[in-house]
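The values are calculated or read from the model by the stated rules, or taken from the named source; none is laboratory data. Just so we're clear, the structure is a prediction, and the values are computed from it rather than from any experiment. For neighbour counting, all protein chains shown are included, and Cβ atoms are generated from backbone atoms with ideal geometry for every residue, glycine included.
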Amino acid sequence: MKKIHVTDANTLKDKTVVLAVTGSIAAVRCVELAHNLIRKGAKVIPVMSDAATRILHPDAMHYAAGNRVITEITGGVEHVVWCGADGDSDLLLIAPATANTISKIACGIDDTAVTTFATTAIGSGKPVLVAPAMHEAMYNHPAVVDNINRLERMGVTFVESVFEEGKAKIAQNEDIILETERILGSHSLDGKNILITSGATSERIDPIRIVTSRASGRTGVALALEAYRRGARMVTIVHSKKQGLRAIREIIVESSKEMTDVVFKEAVNTDVLISAAAISDFTVDRAAQTKIDSSSARTMVLKPVVKLLSKVTREYPHLPVIGFKAETNISTEELITRAGKLMDKYKLAAVVANDVGSGGIGEETNRIHIIQKNNGITAVEGRKDKLAKRIIDVIEGVV
């Protein structure tokens with residue numbers, strides 16, 4: 001059997017997920033879903049209804065998960081072993097879940113391995129995550145709607161379907177994984193509202209042309225997802241390019257002024273601000289209202305913009321703020337010195353500093369220094385999701 005390698009994320013290390021599959025055509029997605037869970041560090045125990053086995057052969061799930069597939073309850077009381085009060089699993093994930101299965105579970109009907117596992121898990125207080133998949137007409141049936149609501153009142157979590165082509169399609173695997181990580185995560189940010197600025201802003205030259213930076217926004221997105229994994233009540237990311245982050249509230253802006261104005265407004269209901277965006281330092285003085293003729297040379301005048309950190313920290317002096325400081329081609333000592341000055345100037349909780357002269361901006365990896373007043377300096381290098389973990393660790397200490 002091929003070995004699935006655990007990635008650096010390892011967010012589900014030492015967790016056991018029972019992956020229950022029902023009779024939707026979306027069952028074919030479960031081989032890759034099992035692989036995704038394993039790559040995050042989870043042990044996967046597959047359970048299949050009889051209808052699911054007519055769509056996806058149990059051998060495929062055995063191969064994908066590396067564990068025997070449970071298709072019936074035997075004298076081994078598998079449902080209790082894994083999902084009982086002292087069971088060995090951490091989560092029951094039902095994906096895909098049909099209208100039939102959802103309604104049976106809501107009514108306590110046990111006639112398949114999957115529904116028996118669900119009844120046992122709910123009765124034992126085990127976390128249950130459901131990813132529905134069915135035709136949209138079935139999803140909209142009043143009884144199905146009532147049963148979903150009923151299960152939610154029981155504490156069951158649902159991953160919202162993707163509605164298209166007249167179907168309530170199963171959510172993307174990454175969204176199912178993210179909800180799994182959130183349920184099984186540390187919950188260290190439960191009840192907290194996190195506000196993040198991300199990526200580049202742009203300033204108009206004319207209706208077509210802009211001045212901007214090479215910032216990709218990868219770090220900001222990684223920070224938002226990590227905060228969500230740790231249970232934050234509301235994660236809001238302010239950036240210029242919509243990412244379709246279904247679990248994250250996205251506010252789209254263009255200019256530095258728009259970003260500053262949004263953050264100023266949102267900060268009143270925020271527990272911590274992470275100012276990760278590469279916000280423009282200058283804007284174009286008197287941008288043209290029509291396209292500039294390109295047949296001859298032009299002189300463009302830039303004027304400084306109001307600094308976001310200055311405005312926000314002055315109005316909200318008690319709001320913990322994490323600042324970012326990017327420099328180019330300077331020594332580590334000078335980088336840290338400049339970051340320290342920024343921290344002192346705006347009384348920041350921490351500053352994330354990096355030298356982008358040798359890479360990092362717009363790339364998948366980076367090397368950063370996290371500077372804190374009382375906790376010294378921490379150097380971190382790697383993928384931006386790894387960096388995000390260390391930065392969110394800092395946030396846990398200030399909220």
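Consider the range 44-63 and keep the residues that are of a type in the set (A, V, I, L, M, F, W, C) and within 17 Å of residue 25 (Cβ to Cβ). The one that is farthest from the chain's Cα centre (by Cα) is 51.
Here residue 164 does not qualify as in the same structural domain as residue 85 (by TED's automatic domain parsing) and in contact (Cβ under 8 Å) with a residue 60 or more places away in the chain.
Restricting the range 153-178 to residues that are in a strand (DSSP E or B) and among the aliphatic types (A, V, I, L, M), the residue that is nearest to residue 105 (Cα to Cα) is 168. Filter the range 280-294 down to the residues that are in contact (Cβ under 8 Å) with a residue 40 or more places away in the chain and in contact with a strand residue (DSSP E or B) (Cβ under 7 Å, 6 or more places away or on another chain), then identify the one that is nearest to residue 369 (Cα to Cα). Filtering first and then ranking leaves 280.
Looking only at residues in the range 39-52 that are surrounded by 21 or more Cβ atoms within 10 Å (Cβ to Cβ) and either of a type outside the set (Gly, Ala, Ser) or modelled with pLDDT under 95 (or both), the one that is nearest to residue 22 (Cα to Cα) is 48.
Being among the β-branched types (Val, Ile, Thr), touching a Lys or Arg at 6+ places or on another chain (Cβ under 9 Å), free of Cβ contacts under 8 Å to residues at least 40 places away in the same chain and surrounded by 13 or more Cβ atoms within 10 Å (Cβ to Cβ) is a property that holds for residue 157.
Checking the condition within 29 Å of the chain's Cα centre (by Cα) and at pLDDT 95 or above, which residue from 137, 106, 113 passes?
Numbers: 137 fails: within 29 Å of the chain's Cα centre (by Cα); 113 fails: within 29 Å of the chain's Cα centre (by Cα).
Being within 29 Å of the chain's Cα centre (by Cα) and at pLDDT 95 or above holds for just one of 137, 106, 113, which is 106.
Applying a threshold of 8 Å to beta carbon distances and a minimum spacing of six or more residues, or different chains, the list of pairs starting in the range 58-79 at a residue that is free of Cβ contacts under 8 Å to residues at least 40 places away in the same chain and ending at one that is of a type in the set (S, T, N, Q) reads 58/71.
Working only within the range 311-331, note down all residues that are assigned to a helix (DSSP H, G or I) and within 29 Å of the chain's Cα centre (by Cα). Those that are assigned to a helix (DSSP H, G or I) and within 29 Å of the chain's Cα centre (by Cα): 311, 312, 313.
For the range 121-152, enumerate the residues that are closer than 17 Å to residue 21 by Cβ and part of a helix (DSSP H, G or I).
Taking the range 121-152 as the starting set, the residues that turn out to be closer than 17 Å to residue 21 by Cβ are 121, 128-134.
Matches in the range 121-152: 121 only.
Residues to consider are 238, 156; find the one that is of a type in the set (A, V, I, L, M), within 30 Å of residue 119 (Cα to Cα) and modelled with pLDDT of 95 or more.
Details: 238 fails: within 30 Å of residue 119 (Cα to Cα).
Step by step, each of 238, 156 is checked, and only 156 is of a type in the set (A, V, I, L, M), within 30 Å of residue 119 (Cα to Cα) and modelled with pLDDT of 95 or more.
Residue count for the range 312-341 under the criterion of being touching a Gly at 6+ places or on another chain (Cβ under 9 Å), surrounded by fewer than 17 Cβ atoms within 10 Å (Cβ to Cβ) and of a type outside the set (Val, Ile, Thr): the result is 2.
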